[in-house]
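Inspection log for the structure reproduced underneath, given as structure tokens.
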Amino acid sequence: MSPPDEEERALPPGQYVPRGWPVLHYGPVPKFRPKDWDFRVFGATASGGQYGWSWDEFEALPRTKALADFHCVTKFTIPDNLWEGVSTAAILEAAPPEPAVTHVMVWAEYGYSANIRMSDFLADGTMFATHRDGERLSPDHGFPIRLVVPHLYAWKSVKWVRGIEYMVKDRRGFWEERGYHNVADPWREQRYSYQEDADESPPL
């Protein structure tokens, strides 16, 4: 018997590789209006003020790339995505948080949100992506920008991002309030809130 064409890749527990890139989101796809769009950083900033970028200003920020898998809590994994965008570290350098900040809340169109630990937010490969595999994100995959946190389940990779809030105390985002796990590590299969340890989450 001949060997397989390619080495079998390791996937997180319960995951499979689908055909294509499925589209999943809550609510309608927002319309992008460049003249009205902005990206804001607020909350517990070191300066006590807010920061903001227009679309042209955001597009001019330094770019980064990362090759990473994409894990959805609905059990599919898309391997080897080449993401391109603005690193989360670049945003924190331009808009420094207070030293006491432990989490960020990522805010998107229509008030959607997801909370993320600062350590995850600053992890290698985490970025505000504008491109995937050399092409602009499509509207149903988050155009003009989506957060990409490759090592967490993809509901943390928020589409249509409009800003981040620095927090000195954790609180749950949209899906976290509706029964999803507060941390969302796919390798530990942290899908639902009932799996949480006491030190992993704020009260429901």
Cut-off under 5 Å, modelled amide H: who pairs with W107 long-range: R162, G163, I164, E165
Computed over the range 37-114, Cα set: Rg, Dmax in Å: 14.8, 41
Would you work out which of A10, M127, P22 lies farthest towards the positive end of the dipole of the chain? Charges go on Cβ: Lys and Arg +1, Asp and Glu -1. P22
How high is the FRET efficiency from R9 to D56, r the C-beta distance, R0 30 Å, rounded to 0.05? 0.15
Dividing the mean separation of Cα pairs under 8 Å (6+ apart) by the residue count of the range 105-184 yields a relative contact order in percent of 38 percent
Quick calc of log₁₀ I(q)/I(0), the chain, Debye, one scatterer on every Cα, no solvent, q values 0.09, 0.15 1/Å, result -0.34, -0.94
With R₀ set to 22 angstrom, the calculated FRET efficiency between the beta-carbons of Y26 and T74, to the nearest 0.05, is 0.95
For the pairs K35/K169; K31/K169; K31/K156, note any where the Cα-Cα span goes beyond 30 Å. K35/K169; K31/K169
Percent relative contact order for the range 38-196, counting Cα pairs under 8 Å at least six residues apart, stands at 25 percent
Given the Cα-Cα distance of S138 and E98 and 0.36 nm per residue of separation, how much length would full extension add, in nm? 10.9 nm
Cut-off 10 angstrom, C-alpha nodes, Gaussian network model of the chain. Which of A66, A46, A129 fluctuates the most? A46
Please identify the trypsin sites (Lys or Arg not before Pro) of the range 106-204 that satisfy two criteria: DSSP loop assignment and at most 14 other Cβ atoms within 10 Å. Which are they? K169
Inter-label distance for R40 and A90, nm, one decimal - labels placed 7 Å from Cα along Cα-to-Cβ: 2.3 nm
What's the extension gain from D199 to R63 if we count 0.36 nm per residue and subtract their Cα-Cα distance? 45.4 nm
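Taken together, the values in this text are just the output of simple stated rules run on the coordinates, not laboratory data. Predicted model, so just to flag it, every value in this text is computed and none were measured. Reconstructed Cβ throughout: ideal geometry from the backbone, glycine too, with neighbour counts over all protein chains shown.
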